[in-house]
Amino acid sequence: MKAEFNIAVQALCLLAEKGRLLNSEYIAREIDTNSVRVRNVLRKLSDKGYVEAIRGVKGGYRLQVDPKHISLGSLMDLIEVKPFKLRDGSRRGKASMEDISKKIYQKINQAAYRELDKISLYEVQQELFSE
């Protein structure tokens, strides 16, 4: 899975847990990544209404959606991540390995999305912040 997805999940969990406005520098420190990457991911989440983005020196991000109503599948789709992808241009016979792999990985991705749709951000938040 792409780093963007992991950043999105961790950032949203942190925003849910803290329940207040957090800036990208703070979020980046807490999830051990770069603040530019955090801002890029949160911009996508803001565009889709998941977070509120407030500009300025005292600005930051605030969660706008109840974490119980955010599935990991919907989040993965929003970040535009495909869990599995293969690139191979070799050809043998009528179909290339790429053609065959696309069909296989499409089935795997559909199954992954179905499973991820069963897991809410709230569940991940509870695991991350449980004592």
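Selection within the stretch 60-87: residues that are part of a loop (DSSP other than H, G, I, E, B), open to solvent by less than 50 Å² (accessible area, probe 1.4 Å) and at pLDDT 95 or above. The member of this set that is farthest from Glu127 (Cα to Cα) is Val65. Looking only at residues of the stretch 37-48 that are open to solvent by 40 Å² or more (accessible area, probe 1.4 Å) and in contact (Cβ under 8 Å) with a residue 12 or more places away in the chain, we find that the one that is nearest to Ile7 (Cα to Cα) is Arg37.
Please verify whether Ala28 is more than 16 Å from Gln64 (Cα to Cα), open to solvent by less than 70 Å² (accessible area, probe 1.4 Å) and free of Cβ contacts under 8 Å to residues at least 24 places away in the same chain, treating the condition exactly as stated. Spelling it out, Ala28 is indeed more than 16 Å from Gln64 (Cα to Cα), open to solvent by less than 70 Å² (accessible area, probe 1.4 Å) and free of Cβ contacts under 8 Å to residues at least 24 places away in the same chain.
Pairs meeting the criteria (first residue in the stretch 105-124 and open to solvent by 60 Å² or more (accessible area, probe 1.4 Å), second residue outside any helix (DSSP H, G or I) and among the aliphatic types (A, V, I, L, M), beta carbons under 9 Å, at least 6 apart or on different chains) are Tyr105/Leu86; Tyr122/Ile70.
The values are calculated or read from the model by the stated rules, or taken from the named source; none is laboratory data. Bear in mind the structure is a predicted one, so any value in this text is a computation, not a measurement. In this analysis, Cβ positions are derived from the backbone assuming ideal geometry, glycine residues included, and neighbour counts consider all displayed protein chains. Quick note on the areas: whole protein, heavy atoms, side chains included, nothing else; ligands and nucleic acids left out. Shrake-Rupley method; radii C 1.70, N 1.55, O 1.52, S 1.80 Å.
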